[in-house]
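Comments concern the structure below.
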Amino acid sequence: MSALRYGFIIAPVLGLLWSVTMATTVAVSLAFATGLAVTPGMLTAGLSGAAAGLIMIRMFGRLNPKLIVGCLGALLIIAQAGLRAGEPFGIPLDQSILSQILAVVIWAVVTIWPLSLMLDGIEWGGLDRHSFEHAIIRFLTAFGYVFFIVIVAIPFYVMVMTSLKSQQALLANALDFSIDFHKGWGLFRSYSELFGQFNFGRYLGVSFFVSVMTVFITLLFSIPGAYAIARLRFEGRAMLSRSILLIYMVPMIVLALPIYIGFSMAGLRNSLFGILLIYPVTTIPVALYMLQGYFRGLPGEVEEAGLMDGLSRLAVIWKITLPLSLPALASVSLYVFMIAWNEFLLAFMLLDDPSKFTLTRGVAMLNSSEIPRQHLMAGAVIATVPIMVLFLGLERFMTKGLTAGSVKG
């Protein structure tokens, strides 16, 4: 590794890697946007990125950095277009010319600007360990952001774009994810048919009802249970505290057949009551674990003062412990809601009546050769977007809930 601690070595290496990464990302985005067969031009991107890295560390400190960045961006645009015979992404410029020009400009910007930040402080000669590691960390951080954004965004983009397609367009080219905006509101035909013909409005209502009731039942049992483990002294308390999450050591698929047989014999199959019996079984353990850790972190003196003032133990929980635990309760509720909303295996196994389907069960029903593929993608979007919005809006509570169980005790 010490052999790399020279600016004239690390700069072109990072420039090459980053330029190739950005060329690939932009090329994939262009392919999805236009439906054309695109090639990123790895050799051209790599050589131009390496050259840009060398020029940066050679000229920084001698010229205005903004001028250097601007000139290098222009040179990358010329290199990508000129060295590839006027076809910067392997397709003639007369096809989607505006999209290609925009893609080349975006590639130059997202290559040069982040690269200048990565190489900030890097000199031509030998580097100390701090400067070398700082450059590597900045590159890996930027690469990580791009990688995880891409692997999340691309499947979601494909899902949304496919849902907006017509059956004829999918049959003509299933890999064309461009959109014809001239159709206007006709783009949303799949969504209107799902609500009008496939009863997805009812599925949404059933899923919301089941998820909310699962949260209520889970909190009803997990709050007193977690409080007892955190505050009371009884035989077997330590063993119970350690074994709360043992249920997750058994895969649900192993329990599927016993659950199916038991519910069939008890007449609980194909009923929302049966779903509301089994869903909390999967959520109460994790809620107990999260809440008992949070309760242990609360000051016990406050509760003792309430007991000395004549409050009963239940009154202490209601008037003191729960108000102090609102952040944890909100995070646990969000987590349980997400589990119930996204649950599929139990709903698929126990529900057969379409009037009682949850949303995930309704989406699975669309996976049929008789139903157009765009309807399945539209159903997936309907199932994904509400929980995504809920999670992004309340993510701070989710973060607190995931760390609540790490409190001492």
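Derivation of every value follows stated rules applied to the coordinates shown; laboratory data play no part. Everything quoted here is computed from the prediction, not taken from an experiment. Cβ sites come from the backbone with ideal geometry, for glycine too, and all protein chains shown count toward neighbours.
Separation of segment 218-273 from segment 116-172 is 42 Å, based on Cα centroids.
Simple rule: put +1 on each Lys or Arg Cβ and -1 on each Asp or Glu Cβ in the chain, find the dipole, and look at PHE156, MET42, ILE229; the Cα lying farthest toward the positive end is ILE229.
Bridgeable aspartates and glutamates around LYS319 (alpha carbons under 13 Å apart, same-chain partners fewer than 8 residues away excluded): GLU303, GLU304, ASP309.
Of the options (i) 4, 16, 18, 18, 18, 16, 8, 2, 0; (ii) 5, 23, 32, 24, 12, 4, 0, 0; (iii) 4, 18, 25, 23, 16, 9, 3, 1, 0, only one is P(r) over Cα pairs in 10 Å bins from 0, in percent as computed from these coordinates, and that is (i).
Report, to two decimal places, the Cα Rg of segment 193-404 normalised by 2.2 N^0.38 Å (N = number of residues). Don't jump to the answer; show the numbers that get you there.
Details: Rg = 19.8 Å, N = 212, 2.2 N^0.38 = 16.8 Å.
In units of the 2.2 N^0.38 Å rule of thumb, it is 1.18.
Remark: LEU117, LEU127 ranked as LEU117, LEU127, counting other beta-carbon atoms within 10 Å and listing the fewest first.
Ordering SER96, SER312, SER19, SER190 by the number of other Cβ atoms within 10 Å of each residue's own Cβ, fewest first, gives SER312, SER96, SER190, SER19.
Nothing charged except the Cβ atoms of Lys and Arg (+1) and of Asp and Glu (-1): what's the magnitude of the dipole of segment 288-385 about its Cα centre? Round to the nearest 20 debye.
Dipole of segment 288-385, to the nearest 20 debye: 180 debye.
Listing VAL109, VAL20 from fewest to most neighbouring C-beta atoms within 10 Å gives VAL109, VAL20. Charges were assigned to the Cβ only: +1 to each Lys and Arg, -1 to each Asp and Glu. The resulting dipole of the chain about its Cα centre is roughly 500 debye.
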